[in-house]
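A.B. asks: Would you mind keeping the following structure in view while I ask a few things?
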Number of protein chains: 2
Amino acid sequence: MVGGVEIGNGAKVAVQSMTNTHTQDVDATVKQISELEELGCNIIRVAAPNSEAAACLGEIKKRINIPLVADIHFVHQLALDAIEQGVDKIRINPGNMQDKEMLKKIIVSAKNKGVAIRIGVNSGSIRDRNIDNNGEEEDLVELMVKSTLDYCEYFESLGFKDLVLSVKTSDVPSTIRAYRMIAGECEYPLHLGVTAAGPPALATVKSAIGIGSLLADGIGDTLRVSFTGLPHDEVRAGYEILETLGLSERKTAEIISCPTCGRCEIDLADIVDKVKKRLPQKGKNLQVAIMGCPVNGPGEAKESDIGMAGGKGFGLLFKKGKKVKKVDEKDMVDALIDEIENMS
Amino acid sequence: MVGGVEIGNGAKVAVQSMTNTHTQDVDATVKQISELEELGCNIIRVAAPNSEAAACLGEIKKRINIPLVADIHFVHQLALDAIEQGVDKIRINPGNMQDKEMLKKIIVSAKNKGVAIRIGVNSGSIRDRNIDNNGEEEDLVELMVKSTLDYCEYFESLGFKDLVLSVKTSDVPSTIRAYRMIAGECEYPLHLGVTAAGPPALATVKSAIGIGSLLADGIGDTLRVSFTGLPHDEVRAGYEILETLGLSERKTAEIISCPTCGRCEIDLADIVDKVKKRLPQKGKNLQVAIMGCPVNGPGEAKESDIGMAGGKGFGLLFKKGKKVKKVDEKDMVDALIDEIENMS
């Protein structure tokens, strides 16, 4: 449990993001968190890089409605401060907090306060790689996983088990391999992500493949898409991944639409765009197929709740697999929206 | 072999797209194909929905440099026409071409001319599902795979083996399941895609997860991203998926950049955007990490060929893991571009 949100144990996959305001600017930070909450962000993380930032965590926590996670690096005291301020979870990377005595203090303090801890090891924080007996550098993925499991053992030795683990890298195949490996080695809930994924267009592809392929195999309990951009887009992309895999309810109807080709005799991209913009709040469980031609059109249209298969300047409207009527191209958007309204 | 392009057998994964011009408009079709070729499209498909379109295939083929595939449905004669016109491959869905005698003619004719065939079964083209002994509708994925393998057997019985298979659905988990199943059942090269994936933003996520997770496991020999939009974007997205998985050389350096957070003291998104726009043609094998802060910054920067780890209004420049110099924020873009130019 992170505040009121369960991670793992079959709970729905929680979507996280991280503020990019200065944490000390409490108003700006709270405003951004409220916006993210509105978009469905389930858990929010803020950086606490110094004692001024850490001292604001209690005030931020008071003014928001979703669980608060403090991101701590290097300075053990900041973790103790954050726990004292009442955050719901802290994220640390023991790789940069190696003073065992101080780490022990953090673990004991978190345990007493019921604060969860994410052990977040990143490829970028593995500083030293040994040369093995064959003269080769140790495998980075194996090293990350081993290092994470070693930390777990230390936490367990102190009776602490409220752990979430992450083993992110900026390389997608390595990330997939790391999570598959650690999922096979322990039962702790896993926080998924591709780290430093870059600007939004590239980061979407990287995150969709990395996070999506793990979730498709049942690996992962919470996720954070990482964009060099606005955290709002991270939350939206997180939900797109979950919705694509059937792991989250859509907020509006799902549009299935074909790429168009030489067979298409209607302006499909325009129709899809208009329908998309007018999708009503209700009807989120519906699948709406908008297809350009009679090849896969009727088939897809039948598989969907509502379907339109385009002809030459007209479309055939399907409802639950049955042809309902022929509609002029200019009336197709209205007809589809009407049906969505009616069926929801 | 499809024209000069090998599919399967360890060849690099070929990126395909499909024109959305009217095939009969030869000038427009050839122009679009040339644009796609310029973007790296390896194989192009055009629809041949009627005999006028089919009659233009030879002329199109003459005027382009990449292999040409004709997409044929319903009308057997169009497949024979396309083969006669000298296309390199035809794509048929035997589900809508069930006249065995005519199908046999197509197979024999393709064999004589050395034309490859894709058996492209789509969820939308499976029309009838039986009710099994338990009163449940047959599983769509199993039905698609079984139907595809049945077709393969028929082709093989006529000595035809130049096959590529696809089992696309518009549902990502079903698509992943279908391809995993068929990959386990036969050795034919597989053409990957999520069909009718919808408008570009959603289609990117769907295709990245569907196609990407299969490729990550070594499944798939050619791909087509399907967007309700321009085919140009399909080719770009195809390459982004391949590059993310290390299956295609990048065209420019790869940018690794962090999402920024309360620790970031430079305008990272702006710097990344400027570097991205100025990336030189050379340096495609370089990884450039642009990180906002000292937490993972130096680590990521060291893992990359060129790295910049931001501080308060400055950055530390790394080269091949070694700190080179301190750079003012205003000079960071220039410094990074200079290094990319120097190292490539």
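The values are calculated or read from the model by the stated rules, or taken from the named source; none is laboratory data. Just so it is clear, the model here is predicted, and its values are computed rather than measured. FYI the Cβ positions are ideal-geometry reconstructions off the backbone, even for glycines, and counts take in every protein chain you see. These accessible areas exclude ligands, DNA and RNA; they are computed on the full protein's heavy atoms, side chains included. Shrake-Rupley method; radii C 1.70, N 1.55, O 1.52, S 1.80 Å.
A.B. asks: With the label 7 angstrom out along Cα to Cβ, how close does residue A:9 come to the same site in each of the other copies, in nm, nearest first?
C.D. replies: 5.6
A.B. asks: Tally Lys/Arg at +1 and Asp/Glu at -1 over every other residue whose Cβ is under 12 Å from the Cβ of residue A:72; what's the total?
C.D. replies: Local net charge: +3.
A.B. asks: Let me ask something additional. What residues have an amide H closer than 5 Å to that of residue A:17, excluding those fewer than 5 places away on the same chain, when H is modeled at 1.01 Å from N in the peptide plane?
C.D. replies: When sequence neighbours closer than 5 places are left aside, the close amide H contacts are A:43, A:45.
A.B. asks: Quick one: which residues, 5 or more positions from residue B:192 or on another chain, have an amide H under 5 Å from its amide H? H modelled 1.01 Å from N in the peptide plane, none for Pro or chain starts.
C.D. replies: B:221, B:222, B:223, B:224
A.B. asks: In whole Hz, what ³J(HN,Hα) sequence does the range B:252-260 give by Karplus (6.51, -1.76, 1.60; θ = phi - 60°), x for Gly and Pro?
C.D. replies: Using θ = phi - 60°, the values come out as 9, 4, 8, 9, 9, 9, 7, x, 6 Hz.
A.B. asks: Distance between Cα centroids, the range A:276-344 to the range A:117-175: provide it in whole Å.
C.D. replies: Result: 50 Å between the Cα centres.
A.B. asks: Right, another one. Kindly give the distances from residue A:334 to its copy-mates, label point to label point, with each label point 7 Å from Cα along Cα→Cβ, as nm values to one decimal ordered shortest first.
C.D. replies: 6.1
A.B. asks: At a temperature of 25 °C and a viscosity of 0.890 mPa s, determine how fast chain A diffuses translationally according to Stokes-Einstein, using the Kirkwood radius over alpha-carbon pairs as Rh; express D in µm²/s, rounded to the nearest whole number.
C.D. replies: So the translational diffusion coefficient is about 110 µm²/s.
A.B. asks: Using alpha carbon coordinates only, what is the Rg to Rh ratio of the range B:1-148, with Rh defined as the Kirkwood radius?
C.D. replies: 1.02
A.B. asks: Along Cα-to-Cβ, 7 Å out, sits the label point; list in nm, shortest first, how far the one on residue B:58 is from those in the other copies.
C.D. replies: The answer, with the shortest distance listed first, is 8.6 nm.
A.B. asks: A further question follows. For the range A:35-108 and the range B:230-266, compute the distance between their C-alpha centroids and round to whole Å.
C.D. replies: Taking the Cα centre of the range B:230-266 as reference, the centre of the range A:35-108 is 31 Å away.
A.B. asks: Add -39500 (n - 2.57) for each DSSP H run of 4 or more in the protein assembly as shown, then divide by its residues: what number comes out at 222 nm, to the nearest 500 deg cm²/dmol?
C.D. replies: -12500 deg cm²/dmol
A.B. asks: In peptide A:319-327, what is the residue-averaged number of other protein chain Cβ atoms found within 10 Å of each Cβ?
C.D. replies: For peptide A:319-327, the averaged partner shielding equals 0.
A.B. asks: In peptide A:103-115, how many Cβ atoms from other protein chains are near each Cβ within 10 Å, on average?
C.D. replies: Partner Cβ neighbours, averaged per residue: 0.
A.B. asks: Also, quick follow-up: Arrange the residues A:75, B:13 by how much accessible surface each exposes, largest first, with a 1.4 angstrom probe.
C.D. replies: Sorted descending by solvent-accessible area, the residues read A:75, B:13.
A.B. asks: What is the sum of charges around residue B:189, taking Lys and Arg as +1, Asp and Glu as -1, for the other residues whose C-beta is under 12 Å from the C-beta of residue B:189?
C.D. replies: Details: positive: B:89, B:118, B:161; negative: B:6, B:162, B:187, B:221.
Every neighbour counted, the sum reads -1.
A.B. asks: Per residue of A:206-219, count partner chain C-beta atoms within 10 Å of its C-beta, then hand back the mean as an integer. Can you show the working numbers first?
C.D. replies: On the way: counts 8, 4, 13, 14, 7, 2, 9, 11, 2, 3, 8, 3, 0, 0.
Across A:206-219, the average partner-chain Cβ count within 10 Å equals 6.
A.B. asks: For a protection proxy built on the mean count of beta-carbon atoms within 10 angstrom, sort B:241-247, A:245-251 highest first, please. Each step should come with its number before you reach the end.
C.D. replies: On the way: B:241-247: 21.6, A:245-251: 16.0.
The most tightly packed comes first, giving B:241-247, A:245-251.
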